[in-house]
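Trainee: Mind having a look at this structure? Questions to follow.
The values are calculated or read from the model by the stated rules, or taken from the named source; none is laboratory data. Remember, it's a predicted structure, so these values are computed and weren't measured experimentally. Using ideal geometry, Cβ is built from the backbone for each residue, glycine included, and neighbour counts are taken over all protein chains shown. Protein only, heavy atoms only, side chains kept; ligands, DNA and RNA dropped before computing areas. Shrake-Rupley method; radii C 1.70, N 1.55, O 1.52, S 1.80 Å.
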2 protein chains.
Amino acid sequence: MHMWLSAAAILWQVEPLNEGAGFLWLALGISVLALLTVFYFAQYVLRSDTGTEQMRTISDAIREGAEAFLRRQYKTIGMLSVVLAVLIFIGYRVSPRNAPLATKTVIAFLIGAACSGFAGFTGMYVSIRANIRTASAARTSINRALQIALRGGAVTGLVVVAMSLLGVGLLFYFFGGLAAPREVPYQVVGFGFGASFVALFAQLGGGIYTKAADVGADLVGKVEAGIPEDDPRNPAVIADLVGDNVGDCAGRGADLFESTAAENVGAMILGAALYPHFGLKGILFPLVARAFGLIASTIGVLIVRTDEKEDPMQALNRGYYVTTVLAIAGFAVAVHYLLKDNWWFLGSGVVGILTAFLFVYITQYYTEYRFRPVASIAKASLTGPATNIIAGLSVGLETPALPVVVIGAALMLSYWFGLKAFAGTSVVEISDYAKGIYGTAIATMGMLSTAAYILAMDTFGPITDNAGGIIEMSNQPEEIRVKTDRLDAVGNTTKALTKGYAIGSAALAAFLLFSAYLDEVKEIVAGRLGASAGSFKFSFDSVNLANVPVFVGAMLGAMLVYLFSSLAIRAVGRAAQYIIEEVRRQFRENPGIMQGTAKPDYGSCVDIVTTAALKQMVLPGILAVGLPIAVGMIFRYFTGFHVAGGVPMIGEQPINLIGAESVAALLMVGTIAGILLATMMNNGGGAWDNAKKFIETGQYGGKRSDAHKAAVVGDTVGDPFKDTAGPSLHVLIKLLSTITLVMAPLFV
Amino acid sequence: MHMWLSAAAILWQVEPLNEGAGFLWLALGISVLALLTVFYFAQYVLRSDTGTEQMRTISDAIREGAEAFLRRQYKTIGMLSVVLAVLIFIGYRVSPRNAPLATKTVIAFLIGAACSGFAGFTGMYVSIRANIRTASAARTSINRALQIALRGGAVTGLVVVAMSLLGVGLLFYFFGGLAAPREVPYQVVGFGFGASFVALFAQLGGGIYTKAADVGADLVGKVEAGIPEDDPRNPAVIADLVGDNVGDCAGRGADLFESTAAENVGAMILGAALYPHFGLKGILFPLVARAFGLIASTIGVLIVRTDEKEDPMQALNRGYYVTTVLAIAGFAVAVHYLLKDNWWFLGSGVVGILTAFLFVYITQYYTEYRFRPVASIAKASLTGPATNIIAGLSVGLETPALPVVVIGAALMLSYWFGLKAFAGTSVVEISDYAKGIYGTAIATMGMLSTAAYILAMDTFGPITDNAGGIIEMSNQPEEIRVKTDRLDAVGNTTKALTKGYAIGSAALAAFLLFSAYLDEVKEIVAGRLGASAGSFKFSFDSVNLANVPVFVGAMLGAMLVYLFSSLAIRAVGRAAQYIIEEVRRQFRENPGIMQGTAKPDYGSCVDIVTTAALKQMVLPGILAVGLPIAVGMIFRYFTGFHVAGGVPMIGEQPINLIGAESVAALLMVGTIAGILLATMMNNGGGAWDNAKKFIETGQYGGKRSDAHKAAVVGDTVGDPFKDTAGPSLHVLIKLLSTITLVMAPLFV
């Protein structure tokens, strides 16, 4: 605590450094402090008791499986990153106009990838050690168990946000941002793309792993062999527990690392457009606001405590409220020092924070069984699996409606605040568009200011889920199982909420990234025109769907989202098939397993699903990266399909922007399609899951009734929706933005 | 035949009437001839033998049920149309600027609705009489049965296309089109909206009816009572057979009536933009090309014959090939007389015809069990319903990819042909955009030139399906059942192909309708500026997604598609619930039904599903009509959210186009989302259906195996996809276009 107070004191002192550079050091300093806090939280977790020998055996198996997967996964991602880095370098070097940027772009890309990898690895390192300690603590104190799980999760939350802040800040500094603040933000776009690239494969691979293991374990375990979930006789049970870590923890961590990295970069680019008014401070504002969010989240985590009686969700919510209030306060301070006390910007920030709140509530409405949607699915289970699925799809298709309205309202309101903020000023160099968009960027910063806390709550999920599994498999008394079940139920809720938050922030961030892309294309063209431009003023601010190639680009963007989801879902099916065959083989060759006299070979299942998931993630990954690049590079030659007169003249040079514009449409409409489909899949999957849980509380005949069997079918269908395709779409949306930012020079 | 030869002779003679008016009379004359052919086909069907007394009893029940539904449905639609007509009238009258157009728009709307209703009723009148005659003929000659079913279907095909042609042509004439050819096309947009409005409710109501009856009959019949499909003991069996008529026949007829009507109107508007080059002929070309397509389709139907051994699909395909070749020839003739021998336009037409072919083949790939997608679903059924559903959804999500690529290529190629067509000319008044778009319009005409034949094949489906049901229920010998099964299998294929064709033509037509909308907004603004415009040149050709309100409009369009589908699917579930309860009640209260000693009360099931379907269609219908109007009328006041300086000046008047532009984005992105979701649902549903049929051929254990049970779940889930939500989305897409055309004056 006193650490943060001294940080506040530093803040007060740097005010005189009014040129702004001091704020870069402030943001970097806070992120280093946050990393020290990570170390403190990690120590807190690791010092805790690790329970009985039997618990340790199980926990060790999970830990080894998760570490083995993560090592192999990051090795694969590392190789793919190096290949891509070489391709980017060549792509830039081919044209003499882009060549000067080649080295910086590649360095930024590799550092972005490395930072994401480091954050993911650190987070996982602690969570797979926090699970057993949570389980052990649950035997004596639920408060202690809650704190271990949350602080274990906070390691992921803080390291993710701090590393993305530190990475962008240092790149900005070393690329000479203090000297050339208007150019350097464009040179760090590679960082965002590196983060996206790692996130794509981390989420895809983790998502395929977790659901292949889950579906496979359920189908042979529950359905064929008739043994309960988490039964130690099931050879796939450890793979299933490993999956919770690599999917929900490492995957979502990479997802939010990508969000914060992309938002940092995009917002700095938009800040550069406001340079005439705010100078360096407008560019540094995103970093400072993010740093204050880190402080708010840390305090939020620290104050969480509960007792034996309270619903642990209440305790987590208290932490969330405190974080939110502090984040708003931090925002106000940042507006005071950096944005000339212009309180309209605080309004935009509050819009973003409110959006986060609304998304969380909408997600609850669609996924909790107190409300109509889940109840309708449970009721439809009475007439069998077909009506359960139909009801679930109907609910899923309904779910994007409210989020779209909220995002639309947030965009329009924050844009309007942005315009208002400049209403009294007389700066003529800044377009209305740049003003309004900066408003939406600030709303996104607001939404993401609580990211570290949200991510801590999210990682709380797999930790408590694993803790429950360890308690179950080590035959602890029923009363302890009840306690970990309470924590696990809270974890299920927080996981669902985080998905809503992640898609909401991706949607809000998307618009600022579009604008950053348009700005970048404009800069590229301005650079080409160079001296020959004379007094010619060029702007690129239209993505005109009424143009045929642009419309075709838009259709391809939406199509990409569908095809990518199809491949992701199919990958789960294929990988699950391998697990099913392996479990059947073990049951067949070693009948002792089912009698409980022989131990199943957990390791072989972990191995098989690791190999399968890594293999299956490649095709959708390549599609996601390849299609936007292909459209941009091919469509730039489609002039003849667009205007009769050949390549149009801009200034005095023939420059064809149809490729860049078509890619923009691909990006925007792909984003819309992705938001809708991801929301449908996340919430539909969550609703199916909880409809099953609702029946398990005794409704419609309870467990083992026909209605329950029907609901299990729905739950299984929802699994790849909500844990593979849906979350991978969050990543895809942001990847489209960062890839177009990095590749823009090749589209013009 | 000689009738058509004399038509050709007339064609040769009118050439001297080179001003073009003669071509209007030609098109109208051909459509009257087509209606006479309808009369001839109807006589051909009605003169045929009606089989045994027992067959007639069943057929009478179907006929009465279908007629009762259609009467009540059209009564409801009629009332809604009158209400909407009053609202349109008031909306136009409120502003003095729009008031002069109020009467014409409302008249066109009501005539469009009436023509669609007349076409639907006539088509149904014959198909519900053709079923028993097909069944009866199947007892002696499969060729005769095939011809009765196809000619019965051709009644729908010809009456739909002829009525839309006649309606648009006569309105054009009576509104003074020959005197003011550049203004009148804008005044007949109401016709297209009338057609859309009827189609929306016809397809929704019919789609809900058919699947509620189907799902309901299956769930209580097959699943609960364990009796086979089409078993006369099932009280819902007649409702199920009625459903095939009102959904597939009346629904799809209204769908394609809407396509042809909207395309006629839209293409005439684009032709008006080319007036400086082609004069009246460019405006009349769409009508003439459509008329020639009618001739081609009639000849195609007439030549179809088969023998006892041949696969009847071969015979239908021969007819399709002949129709296609003749349609191309007719196109060439029309280009010769009306478009100055400019063969680039023939190229555009051929692109459209090829697109139709490709869509048909892609649909086959995804829905026939010879190919990978359906086979993968069948295989996944081995591990239960959950994996069947996951595999089916994965296939469904994959299916839009190829169609999107085909549509994209068709748009770009036909646009390029349009530009090329004008390459040598020196007309400066015509923009590149108008030239290219006319090329895409001609591709759409090409695609729709075979519409009457395709629709005949489609209606063939429910006729043969019903014929099979009548044979089954009247206890005819097995060998006759085998014959009708062969026809029924062909009917299933043609129904699937037509859906592919319908969505393809909707997608291609969409772009010309967007452009017509942009043209109309431009005309409205030009009209407002009037004298004050001076030499000011105004154009409205940008739909800029980078504007925040426009982007929000785009998101709302995509959201509408999801929400509408959700409501449509939920409506099926609700209506099916009523049927299930009624059948259970009958089984409970009258045990004689299951023993075969008492006759079930078919009528009460028909009644109940009629009431339920009509009630459930209202909410999604109102959403579809209301949202675009609301966005246009609300967003026009959102200037402050868009630019800082208040309402922008155009010429010398303050005119805010942000509402009109946001609606354009809603329309375009809604269309993209609709194409993708409809393709996914149509093909996914078809694939599930055929995966079940594949297993029924003996694969994976055949009928009654566990795999079969899993496949039945998939088939049931696919039902509301492919027969309710998917086809309703086709209609929705076009409705968005026609509604914006009609309401455009209220958005500016």
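Trainee: When segment B:553-579 is examined, which residues are found to be open to solvent by less than 10 Å² (accessible area, probe 1.4 Å) and either at the interface with chain A (Cβ under 7 Å from one of its Cβ atoms) or of a type in the set (Ser, Thr, Tyr) (or both)?
Mentor: B:ALA554, B:MET555, B:ALA558, B:TYR562, B:SER565, B:SER566, B:ILE569
Trainee: Further, regarding this structure: When the residues of segment A:474-496 are filtered to those that are open to solvent by less than 10 Å² (accessible area, probe 1.4 Å) and out of contact with any Leu (no Cβ under 8 Å at 6 or more places or on another chain), which remaining residue is farthest from the other protein chains (Cβ to nearest Cβ)?
Mentor: My answer is A:SER474.
Trainee: Okay, moving on. Can you name the residue in segment A:519-567 that is of a type in the set (D, E, K, R) and outside any helix (DSSP H, G or I) and is also modelled with the highest pLDDT among such residues?
Mentor: Ranking the qualifying residues of segment A:519-567, first place goes to A:ASP541.
Trainee: Would you confirm, using the coordinates I've provided, whether B:ASP719 is part of a helix (DSSP H, G or I), over 19 Å from the mean Cα position of the chain (by Cα), more than 8 Å from chain A (Cβ to nearest Cβ) and among the acidic types (Asp, Glu)? Break it down into steps so the answer makes sense when it comes.
Mentor: On the way: part of a helix (DSSP H, G or I): yes; over 19 Å from the mean Cα position of the chain (by Cα): no; more than 8 Å from chain A (Cβ to nearest Cβ): yes; among the acidic types (Asp, Glu): yes.
Here the answer is no, as B:ASP719 does not meet what is asked.
Trainee: Can you pull out every residue in segment B:74-86 that is surrounded by fewer than 20 Cβ atoms within 10 Å (Cβ to Cβ) and closer than 16 Å to B:GLY206 by Cα?
Mentor: B:LYS75, B:THR76, B:GLY78
Trainee: Go through the residues of segment B:525-546 one by one and say whether even a single one is of a type in the set (Val, Ile, Thr) and within 14 Å of chain A (Cβ to nearest Cβ).
Mentor: yes
Trainee: Could you list, in sequence order, all residues of segment A:383-403 that are among the β-branched types (Val, Ile, Thr) and open to solvent by 10 Å² or more (accessible area, probe 1.4 Å)?
Mentor: Selection gives A:THR383, A:THR387, A:ILE390.
Trainee: Would you list the helices (runs of 4 or more DSSP H) that sit entirely within segment B:211-278 and hold 1 or more residues that are in contact with a Leu (Cβ under 7 Å, 6 or more places away or on another chain) and not small (Gly, Ala, Ser)?
Mentor: B:252-273, B:275-278
Trainee: Considering only residues that are within 14 Å of A:ILE238 (Cβ to Cβ) and surrounded by fewer than 16 Cβ atoms within 10 Å (Cβ to Cβ), which ones fall in segment A:55-73?
Mentor: Matches in segment A:55-73: A:THR57, A:ASP60, A:ALA68.
Trainee: Then there is this: Restricting attention to segment B:138-166, and to residues there that are open to solvent by 10 Å² or more (accessible area, probe 1.4 Å) and in a helix (DSSP H, G or I), which single residue is farthest from B:GLN314 (Cα to Cα)?
Mentor: Filtering segment B:138-166 for residues that are open to solvent by 10 Å² or more (accessible area, probe 1.4 Å) and in a helix (DSSP H, G or I), the one farthest from B:GLN314 (Cα to Cα) comes out as B:LEU166.
Trainee: Here's another thing I want to ask about it. Which members of segment A:392-412 meet the condition of being at the interface with chain B (Cβ under 7 Å from one of its Cβ atoms) and free of Cβ contacts under 8 Å to residues at least 24 places away in the same chain?
Mentor: Across segment A:392-412, the qualifying residues are A:SER394, A:ALA401, A:GLY408, A:MET412.
Trainee: Ok, one more. Condition (residue is of a type in the set (A, V, I, L, M, F, W, C) and in contact with a Leu (Cβ under 7 Å, 6 or more places away or on another chain)) applied to segment A:432-439: is it met by at least one residue? First the steps, then the outcome.
Mentor: As a first pass, look at segment A:432-439 and keep what is of a type in the set (A, V, I, L, M, F, W, C): A:434, A:437.
After this cut, where a residue has to be in contact with a Leu (Cβ under 7 Å, 6 or more places away or on another chain) as well, the list is A:434, A:437.
Yes, that holds for at least one residue.
Trainee: Return the residues of segment B:413-434 that are under 28 Å from the mean Cα position of the chain (by Cα), open to solvent by less than 10 Å² (accessible area, probe 1.4 Å) and within 8 Å of chain A (Cβ to nearest Cβ); say none if nothing qualifies.
Mentor: B:TYR415, the sole residue that qualifies.
Trainee: Please go through segment B:94-112 and pick out each residue that is open to solvent by 70 Å² or more (accessible area, probe 1.4 Å) and modelled with pLDDT under 90.
Mentor: Within segment B:94-112, B:VAL94, B:PRO96, B:ARG97, B:PRO100 meet the criteria.
Trainee: Looking for whichever is of a type in the set (Gly, Ala, Ser) and more than 9 Å from chain A (Cβ to nearest Cβ) here; the options are B:GLY698, B:GLY714. Which one fits?
Mentor: B:GLY698
Trainee: Quick check: is even one residue across segment A:285-298 outside any helix (DSSP H, G or I) and either touching a helix residue (DSSP H, G or I) at 6+ places or on another chain (Cβ under 8 Å) or farther than 23 Å from A:ALA27 by Cα (or both)?
Mentor: Among the residues of segment A:285-298, not one is outside any helix (DSSP H, G or I) and either touching a helix residue (DSSP H, G or I) at 6+ places or on another chain (Cβ under 8 Å) or farther than 23 Å from A:ALA27 by Cα (or both), which makes the answer no.
Trainee: Moving on. With the structure loaded, tell me whether B:ALA665 is within 13 Å of chain A (Cβ to nearest Cβ), part of a helix (DSSP H, G or I) and either under 23 Å from B:THR716 (Cα atoms) or modelled with pLDDT of 90 or more (or both) or whether it fails that test.
Mentor: yes
Trainee: Another question, then. One residue is enough: does segment B:435-454 have a residue meeting the conditions under 27 Å from the mean Cα position of the chain (by Cα) and open to solvent by 10 Å² or more (accessible area, probe 1.4 Å)? It would help to see each step written out before you state the result.
Mentor: Here is the first cut: in segment B:435-454, the residues under 27 Å from the mean Cα position of the chain (by Cα) are B:436-454.
Now restrict to residues that are open to solvent by 10 Å² or more (accessible area, probe 1.4 Å): none.
Within segment B:435-454, none of the residues are under 27 Å from the mean Cα position of the chain (by Cα) and open to solvent by 10 Å² or more (accessible area, probe 1.4 Å).
Trainee: Here's another thing I want to ask about it. Among helices (runs of 4 or more DSSP H) lying entirely in segment B:301-382, which contain 3 or more residues that are modelled with pLDDT of 90 or more, closer than 30 Å to B:TRP416 by Cα and open to solvent by 40 Å² or more (accessible area, probe 1.4 Å)? Please lay out each step first, then the result.
Mentor: Working: elements: B:312-338, B:343-367, B:372-380.
Result: B:312-338, B:343-367.
Residues are listed down the side, and each one gets a yes or a no for (1) of a type in the set (Phe, Trp, Tyr); (2) without any contact (Cβ under 8 Å) to a residue 12 or more places away in the chain; (3) in contact with a His (Cβ under 7 Å, 6 or more places away or on another chain); (4) within 14 Å of chain B (Cβ to nearest Cβ):
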{"site": "A:PRO185", "(1), (2), (3), (4)": "no, no, no, no"}
{"site": "A:PHE193", "(1), (2), (3), (4)": "yes, no, no, no"}
{"site": "A:SER196", "(1), (2), (3), (4)": "no, no, no, no"}
{"site": "A:LEU200", "(1), (2), (3), (4)": "no, no, no, no"}
{"site": "A:LEU204", "(1), (2), (3), (4)": "no, no, no, no"}
{"site": "A:TYR209", "(1), (2), (3), (4)": "yes, no, no, no"}
{"site": "A:GLY221", "(1), (2), (3), (4)": "no, no, no, yes"}
{"site": "A:ASP230", "(1), (2), (3), (4)": "no, no, no, no"}
{"site": "A:ASN234", "(1), (2), (3), (4)": "no, no, no, no"}
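Trainee: While we're looking at this one, here's another question. For A:ILE238, indicate whether it is surrounded by fewer than 24 Cβ atoms within 10 Å (Cβ to Cβ) and more than 14 Å from chain B (Cβ to nearest Cβ).
Mentor: No, not satisfied.
Trainee: What do you reckon, is B:MET457 under 20 Å from the mean Cα position of the chain (by Cα), at pLDDT 90 or above, farther than 30 Å from B:GLY282 by Cβ and open to solvent by less than 30 Å² (accessible area, probe 1.4 Å)?
Mentor: Yes; evaluated as a whole, the condition is true for this residue.
Trainee: When A:ALA598 is evaluated against the numbered criteria (1) more than 14 Å from chain B (Cβ to nearest Cβ); (2) outside any helix (DSSP H, G or I); (3) touching a residue at least 60 places away in the same chain (Cβ under 8 Å), which criterion, by number, is the only one it fails?
Mentor: (3)
Trainee: Open to solvent by less than 10 Å² (accessible area, probe 1.4 Å), within 20 Å of the chain's Cα centre (by Cα) and either modelled with pLDDT of 85 or more or of a type in the set (Phe, Trp, Tyr) (or both): does that describe B:LEU513?
Mentor: Here the answer is yes, as B:LEU513 does meet what is asked.
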